[in-house]
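Visitor: Let me begin by handing over the structure; questions about it come next.
The values are calculated or read from the model by the stated rules, or taken from the named source; none is laboratory data. Quick caveat: nothing in here was measured; it's all calculated off a predicted structure. Cβ placement follows ideal geometry from the backbone for every residue including glycine, while neighbour counts extend to all protein chains displayed. Ligands, DNA and RNA are excluded from the accessible area calculation, which covers all protein heavy atoms including side chains. Shrake-Rupley method; radii C 1.70, N 1.55, O 1.52, S 1.80 Å.
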Amino acid sequence: MDWIYANNNHSTIVNEKDGVVYLTFPKLVKAGVRHGFSTRMGGVSEGNLGTMNLSFTRGDGDENVRENFRRIADAIGFHAEDLVFSSQVHETRLRKVTAADRGEGILRETVPGIDGLATDEARVPMYTSYADCVPLLFFDPEKRVAAMAHSGWRGTAARIGAKMIHFMEEEYGSRAENIIAAIGPSICRKCYEVSEDVAQAFRKTFLPEQFPEIFDEKGGGKYQLDLWEANRIILTEAGILPEHLDITDLCTCCNHDKLFSHRASHGRRGNMGCFMCLDEEE
Ligand SMILES: [Zn+2]
């Protein structure tokens, strides 16, 4: 498949089942946790939402979205009606979910204002949604905890990835050095021009010497921001070992024919989903 920058660093696996194309991350695959990141391919939606739109609020027919969820669930291997949705407001509130929460978001309302989900229970599939923002995935094979966080520029400046690691430590007794993590498909440094307000937010939470690692300053109050590198710094400073971390090289904007990109489509796009689900222990 003709992806731009696809797997130059072997950080992302392209999978296909019954026409549904989805991505996985090798260290999480090796650790044995069920997960996947959807693409635009394999769904029934049309036009700007084509074909695998996973949002009920971007102008698609509910029946299309339900069929898309059914297909991606079938491909990755969980029950769509069991999904628990985040509700993503670009903040850093995190939430533990359990079997009692199954269906929140797809069958009934979910808890508002949540940008990260975690569970230690089997068969509780979790959903977070994307179109340029950074998906962060976590799995602790010792305590058997799966977690995801939505890290756009606001979440990254507020270090939601580190907050999730501390959340796993406090709520489940995880140790950072055991956690396997992935930084998933999102907008790349070359595609992501930002303004002074964004740079200021990062100046508050990153060291001055780290600033050139994550920003190219172009003058005129314009910068190119590297959310992958910013999240790499955040996760490794919080204790994730480099050998436990996959960092994608797949950009949503560069690959906007295969992945939804808010920037490339000027907002006329669907949502992709990132999914994680613990299986019963054998
Ligand atoms: Zn790009």
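Visitor: Working only within the stretch 251-270, note down all residues that are away from the ligand (no atom under 13 Å from the Cβ), more than 17 Å from G42 (Cβ to Cβ) and small (G, A, S).
Guide: The answer is S265, G267.
Visitor: Yes or no: the stretch 128-137 includes at least one residue that is touching a Lys or Arg at 6+ places or on another chain (Cβ under 6 Å) and either without any contact (Cβ under 8 Å) to a residue 12 or more places away in the chain or not in a strand (DSSP E or B) (or both).
Guide: Yes, the stretch 128-137 contains a residue that is touching a Lys or Arg at 6+ places or on another chain (Cβ under 6 Å) and either without any contact (Cβ under 8 Å) to a residue 12 or more places away in the chain or not in a strand (DSSP E or B) (or both).
Visitor: Okay, moving on. I want to confirm something. Restricting to the stretch 63-122 and keeping residues that are of a type in the set (A, V, I, L, M) and over 23 Å from V33 (Cα atoms), which single residue is surrounded by the fewest Cβ atoms within 10 Å (Cβ to Cβ)?
Guide: L107
Visitor: Related question: Residues of the stretch 199-214 being of a type outside the set (G, A, S), open to solvent by less than 30 Å² (accessible area, probe 1.4 Å) and either within 16 Å of the ligand (Cβ to nearest atom) or in a helix (DSSP H, G or I) (or both), which ones? Spell out the reasoning first.
Guide: First, pick out the residues of the stretch 199-214 that are of a type outside the set (G, A, S): 200, 202-214.
From the residues that got through so far, the ones that are open to solvent by less than 30 Å² (accessible area, probe 1.4 Å) too are 202, 206, 210-211, 214.
Across the stretch 199-214, the qualifying residues are F202, Q210, F211, I214.
Visitor: Among the residues of the stretch 136-157, is any polar (S, T, N, Q) and within 16 Å of the ligand (Cβ to nearest atom)?
Guide: Within the stretch 136-157, none of the residues are polar (S, T, N, Q) and within 16 Å of the ligand (Cβ to nearest atom).
Visitor: Within the stretch 44-51, can one find any residue that is free of Cβ contacts under 8 Å to residues at least 60 places away in the same chain, buried (at least 19 other Cβ atoms within 10 Å of the Cβ) and among the small types (G, A, S)? Working first, answer last.
Guide: Our first condition is that a residue be free of Cβ contacts under 8 Å to residues at least 60 places away in the same chain; within the stretch 44-51, this holds for 44, 46-47, 51.
Pick out the ones that are also buried (at least 19 other Cβ atoms within 10 Å of the Cβ) and you get 44, 51.
Still in the running and among the small types (G, A, S): none.
Scanning the stretch 44-51 turns up no residue that is free of Cβ contacts under 8 Å to residues at least 60 places away in the same chain, buried (at least 19 other Cβ atoms within 10 Å of the Cβ) and among the small types (G, A, S).
Visitor: Next question. If you check E196, E243, E177, which single one turns out to be surrounded by fewer than 14 Cβ atoms within 10 Å (Cβ to Cβ) and touching a His at 6+ places or on another chain (Cβ under 9 Å)? I'd like the intermediate steps shown before the answer.
Guide: Details: E196 fails: touching a His at 6+ places or on another chain (Cβ under 9 Å); E243 fails: touching a His at 6+ places or on another chain (Cβ under 9 Å).
Answer to the selection: E177.
Visitor: Oh, and also: Conditions: (1) surrounded by 12 or more Cβ atoms within 10 Å (Cβ to Cβ); (2) more than 16 Å from the ligand (Cβ to nearest atom). E170 meets all but one. Number of the miss?
Guide: (1)
Visitor: Which of (1) in contact (Cβ under 8 Å) with a residue 24 or more places away in the chain; (2) over 28 Å from Y22 (Cα atoms); (3) more than 16 Å from the ligand (Cβ to nearest atom) is the odd one out, the single condition I233 does not satisfy?
Guide: I233 satisfies every listed condition except (2).
Visitor: Another one. Kindly establish whether I187 is within 16 Å of the ligand (Cβ to nearest atom), β-branched (V, I, T) and either within 20 Å of the chain's Cα centre (by Cα) or at negative phi (or both).
Guide: yes
Visitor: So in the stretch 224-240, with the set limited to residues that are acidic (D, E) and in a helix (DSSP H, G or I), which one is least open to solvent (accessible area, probe 1.4 Å)?
Guide: For the stretch 224-240, the residue satisfying everything is E229.
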